[in-house]
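The values are calculated or read from the model by the stated rules, or taken from the named source; none is laboratory data. No experiment lies behind these values; they were computed from the predicted model shown.
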Amino acid sequence: MLVKDLMRTSIVTLKPTDSLNLAQDLIELGGIRHIPIVQDNTLVGMIAAHDMFKASFKASQKFSTEEEKETFFKSIKIGDVMTQEVISISPDAPISDAVKIFIDEHIGALPVVDQNNVLVGLLTVIDILQTFITNPGGGNR
């Protein structure tokens, strides 16, 4: 089984120039845990829910009101806080390679990119686990 067999192709992305507030809204309201950051369709970074939780915690200690925190988040660009050195994978890589990366790197999502670093999908640990629920033998879906 290959990454392209399980990856999601309909994914939410943001740009480095978008505000941190927009990422927070997507994570909180949209239930999204991992957001690839793209510039001209090329993967340039990643922001995850745990990054937002850390930022929210720090902001809650720094600001006394929600309005102050929201203003602060609107003033920060995603490009300033995103993870820039993103581990990615090819759509033609075996799922076993993705699992090894998830385990070794302690991450929950892998952006899937082509040879030009253009984002073509996203694979999460949950995507792999769902395969075992729908097909306990672990074969193709």
- Number of the condition not met by SER56 [criteria: (1) under 16 Å from ALA23 (Cα atoms); (2) modelled with pLDDT of 80 or more; (3) among the hydroxyl-bearing types (Ser, Thr, Tyr)]: (2)
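To keep it simple, each residue is scored yes or no on (1) of a type outside the set (S, T, N, Q); (2) at pLDDT 90 or above; (3) closer than 14 Å to LEU122 by Cα.
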position: VAL38; (1), (2), (3): yes, yes, yes
position: ALA49; (1), (2), (3): yes, no, no
position: GLU66; (1), (2), (3): yes, no, no
position: PHE72; (1), (2), (3): yes, no, no
position: ILE76; (1), (2), (3): yes, no, no
position: ILE103; (1), (2), (3): yes, yes, no
- Item | Of the criteria (1) under 16 Å from ILE35 (Cα atoms); (2) part of a helix (DSSP H, G or I); (3) among the aliphatic types (A, V, I, L, M), which one LEU123 fails | (2)
